[in-house]
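The values are calculated or read from the model by the stated rules, or taken from the named source; none is laboratory data. Source: prediction; values computed, not measured. A quick note on method: Cβ atoms are made from the backbone with ideal geometry, for glycine too, and the neighbour counts reach across all protein chains shown. Surface areas here come from the heavy atoms of the whole protein model, side chains and all, with no ligands, DNA or RNA. Shrake-Rupley method; radii C 1.70, N 1.55, O 1.52, S 1.80 Å.
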Protein chains: 4
Amino acid sequence: MQKPVFGAGIWHFGRYVDRYASDGYGPPVSTLEAVDLAGQVEDLSVVDMTYPFDPAGLTVEEVGAALKRNDLRAIAVTPEIYTRRFNRGAFTNPDPEVRRAAIELVSAGAEAARVLGCDYVKLWPGQDGWDYPFQSDHRQLWRFSLDAVGELAAAFPDLRFAIEYKPREPRNAMVFSSVAKTLLAIEEIGLPNVGILLDFGHSLYGGESPADAARLAISRGRLFAIDVNDNYRGWDDDMVVGSMHPIETFEFFHALREAGWDGVWQLDQFPFREDSVQAARDGIAVMKRIHRALDRLDRDALAAAQRAQDALTAQRVIQDALYGPRDAG
Amino acid sequence: MQKPVFGAGIWHFGRYVDRYASDGYGPPVSTLEAVDLAGQVEDLSVVDMTYPFDPAGLTVEEVGAALKRNDLRAIAVTPEIYTRRFNRGAFTNPDPEVRRAAIELVSAGAEAARVLGCDYVKLWPGQDGWDYPFQSDHRQLWRFSLDAVGELAAAFPDLRFAIEYKPREPRNAMVFSSVAKTLLAIEEIGLPNVGILLDFGHSLYGGESPADAARLAISRGRLFAIDVNDNYRGWDDDMVVGSMHPIETFEFFHALREAGWDGVWQLDQFPFREDSVQAARDGIAVMKRIHRALDRLDRDALAAAQRAQDALTAQRVIQDALYGPRDAG
Amino acid sequence: MQKPVFGAGIWHFGRYVDRYASDGYGPPVSTLEAVDLAGQVEDLSVVDMTYPFDPAGLTVEEVGAALKRNDLRAIAVTPEIYTRRFNRGAFTNPDPEVRRAAIELVSAGAEAARVLGCDYVKLWPGQDGWDYPFQSDHRQLWRFSLDAVGELAAAFPDLRFAIEYKPREPRNAMVFSSVAKTLLAIEEIGLPNVGILLDFGHSLYGGESPADAARLAISRGRLFAIDVNDNYRGWDDDMVVGSMHPIETFEFFHALREAGWDGVWQLDQFPFREDSVQAARDGIAVMKRIHRALDRLDRDALAAAQRAQDALTAQRVIQDALYGPRDAG
Amino acid sequence: MQKPVFGAGIWHFGRYVDRYASDGYGPPVSTLEAVDLAGQVEDLSVVDMTYPFDPAGLTVEEVGAALKRNDLRAIAVTPEIYTRRFNRGAFTNPDPEVRRAAIELVSAGAEAARVLGCDYVKLWPGQDGWDYPFQSDHRQLWRFSLDAVGELAAAFPDLRFAIEYKPREPRNAMVFSSVAKTLLAIEEIGLPNVGILLDFGHSLYGGESPADAARLAISRGRLFAIDVNDNYRGWDDDMVVGSMHPIETFEFFHALREAGWDGVWQLDQFPFREDSVQAARDGIAVMKRIHRALDRLDRDALAAAQRAQDALTAQRVIQDALYGPRDAG
C-alpha cells in the first residue's frame, strides 16, 4: 500500500459557536487564517473548504494561493447550505425561493471547486429534515432532496457530489440519515457522479458498524470520501480520532484497506476547547498508529477467524497488532 | 375506510424466558393453549403462528382446527430460526449444514403456511449478524442472507416472504437492521414476493421515524405487514401499544391510512409480567382510540401545515383529534 | 388545588445560535425585546432572567420596569457562567482567576435577583465537567464544584440557589449530571438554601423517570423549581411540552401535584425554527390540558393499581383521564 | 503494587437462555460443572457463587470441596432473587409473602457465604423496579428496598452486602439504577456493612464515567467490589473486557489503582456463543495488558495534564502507555 494521505475539513481550524457559548469558543478566524493554521500541521496534505469564503469578497484565486503557499490542496468544497437563510431547510425548504437559493449556492461552490481542482463537492444538507412528528410529508422531503441533488449532478457532469449523511443535528431528523437510505436515494437518482462521504462518527452514533457501512457503499461503487473522529455513541461529538473507540476505528480502516480504498484519510474533528493545530496533529498521529498496526496485522489469521465467525480469535489477532504480542504488550 | 382488522403474534400468549428468570415468567404454554388464549380477545381476528408447533407432533390440521374453533385465522407463519441450533446464525451460520437446516425449516413452515392459507411467511433472522467488531466479513453475511432469502422466494413463488428487520437483539448487530438496508437487499434479490414487516418498536429504537419508514417501504411496493408495540427508544421492550409514544404511533397510523394501507393492525407485545389476554385487549383498545382520533382528524388542516412544514400548527391539529378540542380536552 | 402559575426562561424568546447556523436562527433579540415578547403570552406570569442583561449597561431597574409593564415577575436570575470566558469551566475551571470570575458573576446576578425579588438564583454550570477520558481528576472537579456552590450559598443566606443538573452538553459530561448525584452534593454542602431545578427533558434523556426524580428531590426537601419541554430521549432537544412524551409528562405533573408541589410550571423550550410567542402559548396550552386531565383522574383507582403495581390497570385509568372514556375517546 | 487477583462470576461458565433461544445457548451446566470449568482458567483465583446451588440438594460443603479441588475461593454469594418467583419484584414485590421469601433466600445465601468464608453477599435486585409509567408509587419501592437491605445488614453484622446497581434489565427501570442513587440509599440505611458492587458495563451504559463513579463510591467508603466487561453503551451486553472500550477500561483501572483499591479484578462476561473458558482467559489477558500499561504509565505527566484539564496531553500520555511510544507503536 502507498503512503496514506491525510486531510482535514478547514472548519477544524475555525471558530466554534454553540447555543451556550453564543459568543464563540474563541475569536473569529478568517478563511486565510484557517488555511495558515492548517499549514502548520506537518502531515496534512489536503483540506475540504467551506464556501463562501470568509470574509465576503475573498476570491477563489486568493484562497488557491494561500493553499499553495501552505503546501496544501483543496480536495473538496463544502457549500454552507445550513446557515441562517437555510435554517428551515435547503433542498427541502418549504419556500421555493430558498430551495432555489440552495441550488445556486451549491452551483457557485461547484464553480469554485472546478477552479481549485477538487475531487468532489460535498453536500451536507443538515437542515433538510424535520423536528417534530407530523411536521412534514416525508414523501415530499424525499422528492425535494432527490430532485435537487439530481439537478446539480446533471448540471456538473464533470464533478462528483458526495452526500454526507447523518442521523440528526441540527435538525432532529435528517432526510439522508444512514448509509442505506442514502444509497437508496443515489440509486433512485441514477447518475454516476453522486456518492457518499462516510463520516465514521455519524455512522457510529447512528448505530451502524462503520466497517459494514463502508463495505456496503463500496460494493455499490459509491464511497467517494470518508471523515474520521470519535464520540460517545449518542451524539456527533467530533472528538479526536481514536480517543473513544480505537477498536472500531481500526476495523473501519481495515475494511477500507482490504477493499483497496485509495482515498484520503480525513479529519472532521471539532476541538471546541483545544488547540486546533495540536488536535489535528494528534488525530493524524493516531491514524498513523492504526496504519502501522494494520501493517503488522496477521491478515490470514484474521480472515480464517472471520470465515469461522470466531470473535475471540479475531480479537486476539487484532489486539496483537494494535498493542503488541499478548504477553509482552 | 373499512373497519380495521386486528391481529397478534401467537407468542403474545406464550411463556416468556430471559437470562435472569431462566425458569420462565410463568409455566409453559403449548400452541393450542396459546390459540385458546388468543380466542378470548374479542377484537382479535388473525394471528401469526410460530413454527414448529408445540409440542412436536402437533399437526397443522390440528392447529387449523383450533384456530377455526376460536374464530381466528392464521395470517402468517414465523419459522423459529433463532433457537439453540441457530444461535450462531441461521442464513449466515458459518456452518453450511446449519444454513441448510435454516432453509429447510423455513420451507417446512412455508408448507404449513400454504395449508393454513396465510398471507405471508415471516422471516425473522435475529441470530444473523455479529456481536464483536472484526468478528465477520460483512460482505459474506450480506451474501449469505440474500442468497437464502432469494432461494426461498424462488422456491415458493406463490407465497410472500416478509423480512422483519431490527437493529439488534439477540445478536448485538443484525444484518437486516433498518428499513433502508432491507429495501436495498430486497431490490438486489429482485423478486416480487419479498417484502418487509415493519415493527413500530424496532423502527423507533433504531432511530427511524416509523411513519417515514412506512412511506419509504410503501413507495417501493414492499410493505407487506406491520407490528405494533412500544418501548423506551433504547431497546425492543415490546410494551403495550401507545403506553410510551402515542404521538408517533398516531403518526404511523396516519401515514398508513393516508397511503391506503389495507393490512392488519397487529400486536407484537411481550407482556412478561402481565396477563396476556388483558394486555392484548388493552393494546387493541388503544389502537381503536387512535383510529377514532384519525376519523376526527382535520386532514386538510394537517396537509396545509405539512406543506408549510409548520410544526406548531400540525401539533395543534393532531392534539385536537387525539385529546379533543384545545380548551375543553 | 389553586390555579397553576406558568413561567418561562427568558431565553425562550431570544435568538438561537448553533455550530451550523453560526449566524443565528434569526436576528439578535435584546433583553427588553425578549421581555416584550414574553408579555404577549397571555397565560405567562413569571420569567427566569439570564444575567448580565443585554445590551451591557441595561440596569436591573430598567429590566424590572419592563417586566412590570408586561405584567410579569422575575422568578429567578440565571447567571451566564457558560459563555466564552467560561468555556473550559466556571466553578471547575483550571484557572483560579476564572473560577473567581464565575463566583463574582453569580454574586452580581444574586444582587440583581434580590432587587427583582426573585425566588431563587439558578446555577447552570454547563461547562463544568469534562470531554475526554483521562482529562481530569474527577475528585478535583467535585471539590471545586461543591466549594463554589457552598461559598455562594453562605454568602447569600437570604437567597436560594437551584442547581440545574443535566447529563451533558455543552461539556460531554457534566459534574451535576443526575438528580441523585446533585442531591449527594447538596447534602455534602450541608446548607439549607441549596436545591435542585429539575428539568423534565434533562431527566428523561438522562434515563431517569422524571416522576421518580421529583419524588426523590422532594423527599429530601430540595426541589426548588422545575422546567418542562420534550425531546427524543437522546439529547436535550428542548421541544414544545408534550409533543413527544405526553404520558411521562402527565406522570411528572401527577407526582408533583400528589406531593403538594406549589411551584411554577415553567417552560424551557428552544423554538429554533418556530415563532417563540406561539411556541410558548402552545406549551402552556398543553400544560393546561394536562392539569385538566389531572382534575379528571380517578386518583383512588390509580392508587389501588399502584399498590398492586398493576401496570395495565394504571394505564387504563390514566388514559381515561387523558383521552376521555375508553369507548368514546 | 501487589500482583492483581482475578475473579469471575460462576454464571460466566453456566448456560445462557434468552427470550429467543428459549431452549438455551447450550446444554444445562450444574454448579459443580461450572466450578470445574472455572478451574481450567489458569489465572482465575476467586469466584462469585449464585445461590441456591444446582441441582437442589447440593450442599455448601460439596461446593466448598469442589472449589478447593480447583484451587478457587468463593469471594461472594449471589442469591438468585430474580427468578420466576420474584419476577414482579423481590424486595419490592407487591405481595408481602414474596418480599419475605426474598429476605429468606438472601439470608440462606448469607449463611452459605459464612461457611464458604466469602468477602461479601451480593445483592442484585434486578426485578425490583417498574416497567411502565404510572405503574408504581416510587416512594413505596424506595421504602421497600431500603427496609429490606437494612434488615439484612442488621441481621448479619459480620457480613458485608454489596448492591450491584444497573439502569435496567430485566425490569425496564431498576430502583438501584446508578452509583449516586445507590449511595443515597446506603447513606439513608446508615449501616457500615452495606456498599456497592460497581459493574463497569452497567456504569458505562448508564451514562456514567466508570472512573468517576468509582471515585465517588470510594470517597464515601462504599466500594466493596467491581465487575468488568464491555458493551455498545446501549445495553448490558456483557462482552469480553476491552473489546469495545479499552480507553475507558484503562481509565477505570487507573482510578482504582490510584485510590489504592485492593480488591479483586472480576469478570462479569456472558459469552453466549463463545467458549466460556476461552472467553475468561481472554478477558484476563486483556486485564493483564491493562495492568502492564498502568505500570508503564507516566503518572507525573498524567497528573500534570489533569491539573491543567489538558485532554490532548492526557491522551498522548495514556496512548504511549497503552500502545507504546508514539512513533513506534
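Here are C:Tyr20, C:Tyr51, C:Tyr16: which of them is without any contact (Cβ under 8 Å) to a residue 24 or more places away in the chain and surrounded by 18 or more Cβ atoms within 10 Å (Cβ to Cβ)?
Of the residues listed, the single one that is without any contact (Cβ under 8 Å) to a residue 24 or more places away in the chain and surrounded by 18 or more Cβ atoms within 10 Å (Cβ to Cβ) is C:Tyr20.
Go through the stretch A:312-328 and give me each residue that's in a loop (DSSP other than H, G, I, E, B) and hydrophobic (A, V, I, L, M, F, W, C).
A:Ala328 - this is the single residue of the stretch A:312-328 that is in a loop (DSSP other than H, G, I, E, B) and hydrophobic (A, V, I, L, M, F, W, C).
Quick one: would you say A:Gly117 is within 14 Å of another protein chain (Cβ to nearest Cβ), of a type in the set (Gly, Ala, Ser) and open to solvent by less than 50 Å² (accessible area, probe 1.4 Å)?
no
Looking only at the stretch A:65-91, which residues are under 18 Å from C:Arg273 (Cβ atoms), in contact (Cβ under 8 Å) with a residue 24 or more places away in the chain and open to solvent by less than 40 Å² (accessible area, probe 1.4 Å)?
A:Ile81, A:Tyr82, A:Phe86, A:Asn87, A:Gly89, A:Ala90, A:Phe91
Any idea which residue in the stretch A:92-106 is nearest to A:Met174 (Cα to Cα), counting only those that are open to solvent by less than 30 Å² (accessible area, probe 1.4 Å) and more than 13 Å from every other protein chain (Cβ to nearest Cβ)?
Result: A:Ala102.
Is it true that A:Tyr25 is more than 30 Å from C:Ala90 (Cα to Cα), surrounded by 18 or more Cβ atoms within 10 Å (Cβ to Cβ), modelled with pLDDT of 95 or more and touching a helix residue (DSSP H, G or I) at 6+ places or on another chain (Cβ under 9 Å)?
So A:Tyr25 does not fit the description; no.
Tell me the residue from B:Leu32, B:Leu37 that is open to solvent by 10 Å² or more (accessible area, probe 1.4 Å), touching a Phe, Trp or Tyr at 6+ places or on another chain (Cβ under 6 Å) and among the aliphatic types (A, V, I, L, M), please.
B:Leu37
Go through (1) closer than 27 Å to A:Phe252 by Cα; (2) not assigned by TED's automatic domain parsing to the domain that holds D:Arg171; (3) not in a helix (DSSP H, G or I) for D:Gln309 and report which single condition fails.
Failing condition for D:Gln309: (1).
When the residues of the stretch C:200-221 are narrowed to those that are within 20 Å of D:Tyr132 (Cβ to Cβ) and of a type in the set (A, V, I, L, M, F, W, C), which ends up farthest from the other protein chains (Cβ to nearest Cβ)?
C:Phe200
Restricting attention to the stretch C:160-178, which residues are open to solvent by 10 Å² or more (accessible area, probe 1.4 Å) and closer than 20 Å to C:Leu197 by Cβ?
C:Arg160, C:Pro167, C:Arg168, C:Glu169, C:Pro170, C:Ala173, C:Ser177, C:Ser178
I'm checking my understanding of the structure. Among residues of the stretch D:156-178 that are more than 8 Å from chain C (Cβ to nearest Cβ) and of a type in the set (A, V, I, L, M), which one is nearest to D:Arg139 (Cα to Cα)?
Checked the stretch D:156-178; the qualifying residue nearest to D:Arg139 (Cα to Cα) is D:Val175.
For residues that are of a type in the set (A, V, I, L, M, F, W, C) and closer than 16 Å to A:Glu62 by Cα, tally how many sit in the stretch A:39-51.
Here the count works out to 2.
Which number in (1) of a type in the set (Lys, Arg); (2) over 19 Å from D:Ser177 (Cβ atoms); (3) touching a helix residue (DSSP H, G or I) at 6+ places or on another chain (Cβ under 7 Å) marks the one condition that C:Arg222 misses?
It is condition (2) that C:Arg222 fails.
Starting from the stretch A:186-199, take each residue that is over 22 Å from A:Phe252 (Cα atoms) and free of Cβ contacts under 8 Å to residues at least 40 places away in the same chain and list its partners that are open to solvent by 10 Å² or more (accessible area, probe 1.4 Å) and not acidic (Asp, Glu), counting only C-beta distances under 6 angstrom and pairs at least six apart or across chains.
If the second residue must be open to solvent by 10 Å² or more (accessible area, probe 1.4 Å) and not acidic (Asp, Glu), the pairs left are A:Ile186/A:Arg222.
Check off (1) within 21 Å of C:Tyr323 (Cα to Cα); (2) facing another protein chain (nearest Cβ under 7 Å) for C:Thr249 and give me the number that stays unchecked.
That leaves (2) as the condition not met.
Return the total of residues in the stretch C:289-329 being open to solvent by 30 Å² or more (accessible area, probe 1.4 Å) and at pLDDT below 95.
Total meeting the criteria: 4.
Can C:Phe224 be described as more than 10 Å from chain D (Cβ to nearest Cβ), over 24 Å from A:Arg88 (Cβ atoms) and touching a His at 6+ places or on another chain (Cβ under 8 Å)?
No, not satisfied.
Output yes when any residue across the stretch A:127-137 is without any contact (Cβ under 8 Å) to a residue 24 or more places away in the chain, more than 11 Å from every other protein chain (Cβ to nearest Cβ), open to solvent by 10 Å² or more (accessible area, probe 1.4 Å) and not β-branched (Val, Ile, Thr), and no when none is.
no
Quick check on my filter: what residues within the stretch C:278-323 are polar (S, T, N, Q) and within 14 Å of chain D (Cβ to nearest Cβ)?
Of everything in the stretch C:278-323, those that are polar (S, T, N, Q) and within 14 Å of chain D (Cβ to nearest Cβ) turn out to be C:Gln306, C:Gln309, C:Thr313, C:Gln315, C:Gln319.
Quickly run through the stretch B:309-328 and pick out the residues that are in contact with an Asp or Glu (Cβ under 9 Å, 6 or more places away or on another chain), under 25 Å from A:Asp128 (Cα atoms) and hydrophobic (A, V, I, L, M, F, W, C).
Once the filter is applied, which keeps residues that are in contact with an Asp or Glu (Cβ under 9 Å, 6 or more places away or on another chain), under 25 Å from A:Asp128 (Cα atoms) and hydrophobic (A, V, I, L, M, F, W, C), the stretch B:309-328 yields B:Ala311, B:Leu312, B:Val317, B:Ile318.
Does any residue of the stretch C:215-222 turn out to be touching a strand residue (DSSP E or B) at 6+ places or on another chain (Cβ under 8 Å) and of a type in the set (A, V, I, L, M, F, W, C)?
Checking the stretch C:215-222: at least one residue is touching a strand residue (DSSP E or B) at 6+ places or on another chain (Cβ under 8 Å) and of a type in the set (A, V, I, L, M, F, W, C).
Do we find a residue being open to solvent by less than 30 Å² (accessible area, probe 1.4 Å) and among the basic types (Lys, Arg) anywhere in the stretch D:214-229?
The answer is yes; a qualifying residue exists.
Taking C:Ala153, is it more than 12 Å from chain D (Cβ to nearest Cβ) and either among the hydroxyl-bearing types (Ser, Thr, Tyr) or in contact (Cβ under 8 Å) with a residue 12 or more places away in the chain (or both)?
yes
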